Amino acid sequence: MTTDGTVCSAIMRRLSRLIGEDKQRKYIEGATKVSYDQRRLRVAASSTFAADLIARRFASAFEQAVREETGDEGAGVDIAVDPGAFDDQATEAATINERATQAAAANAVTTRPKGRQRRPGMRLRSLDDFLVGPSNSLAWNAAMAVATGRGGGGVSPLFVHGGCGLGKTHLLQGIIDRARRERPGVRVRYTTGEAFTNGFIASLRSGRIDEFRRAFRDIDVLCIDDVHFLARKGATQSEFLHTFDAIELSGARVVLASDEHPRQIRMMSEKLISRFMAGMVVAIDPPDDALRERIVAALFERRGLRVEAAAARLIADRFVESVRDLEGAVARVDAMHRLVEQSDAPSHGAHIGLPVGVIAVERALGVARRYVSKPVSVARIAQVVCDELRVDPSEMLGRSRHKRVVFARALTAHLSRVMTTLSYPEIARAMNRPNHSTIITACNRVVSQIERAERCDPSLINDPPHAGAAYPHTTPTVQEFVDRLRRQAGLPETA
């Protein structure tokens, strides 16, 4: 690829004018390398973390800068992780005893001697600002044990799993941050499954596999995020297995994070799965109402803003699945609030500094309180169904073939399909099913019962208060029962 340095410099100067010099220095410089060729600006990021942040916050500004500077409306931007572009900076990510291989170091955070600066672009999160509630308290306590070394240093391995945006990365980076602060001299490393894979491949090609192994094995705490990335990569899995065993034998601690439970990661070595399962496997669930409101208030506080309780509740009610959704909503409200304050400043100076209110939220998010509708999760649907049928949720997620449990599974599968945007495989994973064919079969069975206007089996639904209170005269049809469940989940009846 040819690189036009003059064009790149001009684009970056224009970008600085668009986003401000402070943001460019903080987020762009040091964390990216840019090149321009064939109407495309390529932004090489030093890590997955940096690439995600830049794509989320600055992609549109990059595109505007490219098009304005080149005068080409068809010009575009590509943002990608490219550790190789930072070979000259690899020594900045050395461990306290050994230098990691260049590719691995570009995507990992390790301990370093006092006075050595962390590579620009990687800011570790802290366990101190991780808000704890019923959905994540077990994971947080386990992480604290590993980070502080108290109570024997916790169970190893610690495997944390949960959906995107629920705080897994925050926990792993927080472990590294707390361990450094409380245990001087401790050797720690945070990396991702992708960075481990890239580093392993690079070390093989460069003949530096011994350095790679030392970098990952001569440590006290290893945190690997997105470990599911190793799926389908046989050679990398084999290397990681040896690394895992070496660390465990040394008495060090291993913490892993994945979007899925170990047993649900497809194409992962059974040996690795058994290692993962040998320790503590902890789920992080979506935050409940109270925790979401606390998170919203904390997010505004970090931005130097106060928020009215009703406004925080409105955001919390609108975005229920992940913390990342809440962060995005708060960012939009923050931007709108500041713009309104700036426009009102000349004639309404007294309003400056007022807390964010409901009106600001409605303007920014395009919602009104009476129209706010909570997205429904599979977990919520399952809870409603289990409560209605008097079924223990653990039975429904397990292997029980009791008639009432099977009926509960079928209803949960059907409602998840029609009330969410999830695919059959995603619903299967949420319901702890081995494959999605069982979900398809269950959904088809319920649809068939509805189409034939079948009535529910009285023995399954006639426990008080259901039949006696809701259907006093006759056993309801499957359609009527489904509509009742939909209402309880907070959505309107089917047509």
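Bear in mind these aren't lab numbers, they're just calculated from the coordinates by the rules spelled out. It should be emphasised that the depicted structure is a prediction, and the values quoted were computed from it without experimental measurement. Using ideal geometry, Cβ is built from the backbone for each residue, glycine included, and neighbour counts are taken over all protein chains shown.
At-a-glance table
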item: Most to least packed among 28-35, 419-426 [average Cβ atoms within 10 Å]; result: 28-35, 419-426
item: Neighbourhood charge, 11 Å Cβ-Cβ cut-off, centred on ARG429 and excluding it, Lys, Arg +1 and Asp, Glu -1; result: 0
item: Likely footprinting exposure, HIS436, HIS170, fewest C-beta neighbours within 10 Å first; result: HIS436, HIS170
item: Net charge contributed by nearby residues that have their C-beta within less than 10 Å of ALA442 (K/R +1, D/E -1); result: +4
item: Amide H contacts of LEU41 (H built 1.01 Å from N, under 5 Å, at least 5 apart or other chain); result: GLY76, VAL77, ASP78
item: Stokes-Einstein D in µm²/s, Kirkwood radius over Cα pairs - the stretch 378-488 at 4 °C with 1.567 mPa s viscosity; result: 93 µm²/s
item: Computed FRET value (nearest 0.05) for SER400 with GLN64, which takes r as the C-beta separation and R₀ as 56 Å; result: 0.50
item: Residue order, fewest to most surrounding Cβ atoms within 10 angstrom, among TYR27, TYR36; result: TYR27, TYR36
item: Extension gain, ARG39 back to LYS26 (0.36 nm per residue minus Cα-Cα distance, nm); result: 2.0 nm
item: Potential lengthening between ASP210 and ASP317 on full extension [0.36 nm per residue; Cα-Cα distance subtracted]; result: 33.3 nm
item: Two-site FRET efficiency, GLU451 against ASP289, from Cβ-Cβ distance with R₀ of 45 Å, rounded to 0.05; result: 0.80
item: Cut-off 14 Å between beta-carbons: net charge of the residues surrounding MET267, Lys and Arg +1, Asp and Glu -1; result: +3
item: Reduced Cα scattering model of the stretch 5-81, Debye log10 I(q)/I(0), q = 0.13, 0.20, 0.22 Å⁻¹; result: -0.32, -0.78, -0.96
item: Once the Cα gyration tensor of the stretch 119-271 is diagonalised, semi-axes √(5λ) in Å; result: 24, 19, 15
item: The stretch 378-488, relative contact order [Cα under 8 Å, separation at least 6], %; result: 26 percent
item: Three principal axis lengths of the stretch 200-348 [C-alpha, angstrom, descending]; result: 68, 34, 28
